[in-house]
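Asks: My structure is below; once you've seen it, I'll send some questions.
The values are calculated or read from the model by the stated rules, or taken from the named source; none is laboratory data. Everything numeric here is computed off the predicted structure, so don't read it as measured data. Positions of Cβ are backbone-derived with ideal geometry, glycine not excepted, and every protein chain shown enters the neighbour counts.
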Amino acid sequence: MTERTRTLKSLEVVLESFLHRVVELKGERLTVLEGISRLDDIARQESTEKDFSTEVGDWFAEHNEWLTEKTIRPADASRISKILGEIKDGLKTSPEKSQETEKVSSEIERWQDTLKSEPGKLDSRLQKLVLRRGGETLAEVEKDSILKFTEHFESMFERWKDVSGGKAHILSALDDCLKSAYLQLNEEALILSGFIIYYLRLKNYLVEPYVKRLKAAESLIKKAKAESSYAG
Amino acid sequence: MLVDSEKAYCQALVALKKRDYQTAVAKFAKASAGVGTFSANEEFDLLYQTTQLLLAVKQELRLETEGFEVVDKELMRDG
């Protein structure tokens, strides 16, 4: 294998892992978009695999939890409602009137009614949650935060064992950690890098270049978080 | 129904999830051809260009491998 091929191979791995990570970050949001797109396909009658009513019925069955869980946003609800409206209009003009189409029409109405009222319900649920959280005792909150930190700490220690294994110097391990934080947007690697840098600073190492890399990784991770909360 | 460019973007993301990069690029191209929806979307640009770059890298790798295969075959034939 030539040096060029090796470089191309490693670039291929970095690019694939970046794209894979982006898709992973989108997670649930992507599932919702897939669902809406699928409904849109049905409305356009692009799929001829099954009977139209069966397709719509299957879609309802598959996405029924959207009506009870906080998976979809108000904008999604309005999109779905609009597409369902178009499907219903299509059913009205269809010459075939069967028990199946009647059932689908009434199910569409049920979905549209629920989707209309759901954003308000979600808001009131959120308000209740805030009030309930206010009532928690300090001891409970602290216990939870200590448990969470302990879990992170243990996981960071495992990561430290991974990155430091086989390395000759702590700076090589730090370099690997910063790469994970920057390239894979890994928050745990970021925290571990900060911890190592602070340790090195106390031991009078020159840490400025590492601090710069830490800040660059931190800002990328913050940006990715903000985008993922925006995109879902 | 969904706007075509919106739908194409969604399909591109689904294709990325399946690691079908050819389809993803085709769908990104379709989404970018829509009326201005994604013209100022940084995330869209980043994903589109990264996928294009990945395909270009894969193509280069394929050419390198095929190149080696041709040389190998010629060496075998010519002894």
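Asks: Quick one: which residue in A:Gly27, A:Gly35, A:Gly57 is surrounded by 15 or more Cβ atoms within 10 Å (Cβ to Cβ), within 11 Å of chain B (Cβ to nearest Cβ) and assigned to a helix (DSSP H, G or I)?
Replies: Going through A:Gly27, A:Gly35, A:Gly57 in turn, the sole match is A:Gly35.
Asks: Kindly indicate which of A:Ala168, A:Ala226 is at pLDDT below 90, part of a helix (DSSP H, G or I) and over 24 Å from A:Thr150 (Cβ atoms).
Replies: Of A:Ala168, A:Ala226, the one residue that is at pLDDT below 90, part of a helix (DSSP H, G or I) and over 24 Å from A:Thr150 (Cβ atoms) is A:Ala226.
Asks: Separate question: I'd like to verify a number: residues in the stretch A:19-70 that are more than 14 Å from the chain's Cα centre (by Cα) and among the β-branched types (Val, Ile, Thr), how many?
Replies: Of the residues in that region, 6 qualify.
Asks: Something else about it: From the list A:Arg213, A:Arg201, A:Arg159, exactly one residue is farther than 21 Å from A:Glu24 by Cβ, touching a residue at least 24 places away in the same chain (Cβ under 8 Å) and out of contact with any His (no Cβ under 6 Å at 6 or more places or on another chain). Which is it?
Replies: None of the others qualify; the one that does is A:Arg213.
Asks: Against the definition (in contact (Cβ under 8 Å) with a residue 24 or more places away in the chain and within 21 Å of B:Val14 (Cβ to Cβ)), how does A:Arg21 come out, yes or no?
Replies: yes
Asks: Scan the stretch B:8-21 and report the pairs whose first residue is more than 7 Å from every other protein chain (Cβ to nearest Cβ) and whose second residue is among the hydroxyl-bearing types (Ser, Thr, Tyr), with Cβ atoms within less than 7 Å and a gap of 6+ or a chain change.
Replies: B:Ala15/B:Thr23; B:Tyr21/B:Thr51
A quick yes/no check of all residues on (1) more than 20 Å from A:Leu11 (Cα to Cα); (2) at pLDDT 95 or above; (3) among the β-branched types (Val, Ile, Thr):
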| residue | (1), (2), (3) |
| --- | --- |
| B:Lys27 | yes, no, no |
| B:Phe44 | yes, no, no |
| B:Leu47 | no, no, no |
| B:Thr50 | no, yes, yes |
| B:Leu54 | no, yes, no |
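Asks: If you don't mind, another one. Can you confirm whether B:Asp78 is over 22 Å from A:Ala43 (Cα atoms), more than 12 Å from chain A (Cβ to nearest Cβ), modelled with pLDDT under 70 and surrounded by fewer than 16 Cβ atoms within 10 Å (Cβ to Cβ)?
Replies: Spelling it out, B:Asp78 is indeed over 22 Å from A:Ala43 (Cα atoms), more than 12 Å from chain A (Cβ to nearest Cβ), modelled with pLDDT under 70 and surrounded by fewer than 16 Cβ atoms within 10 Å (Cβ to Cβ).
Asks: If you scan the stretch A:1-51, which residues turn out to be hydroxyl-bearing (Ser, Thr, Tyr) and within 25 Å of B:Leu54 (Cα to Cα)?
Replies: Residues satisfying the conditions are A:Thr2, A:Thr5, A:Thr7, A:Ser10, A:Ser17, A:Thr31.
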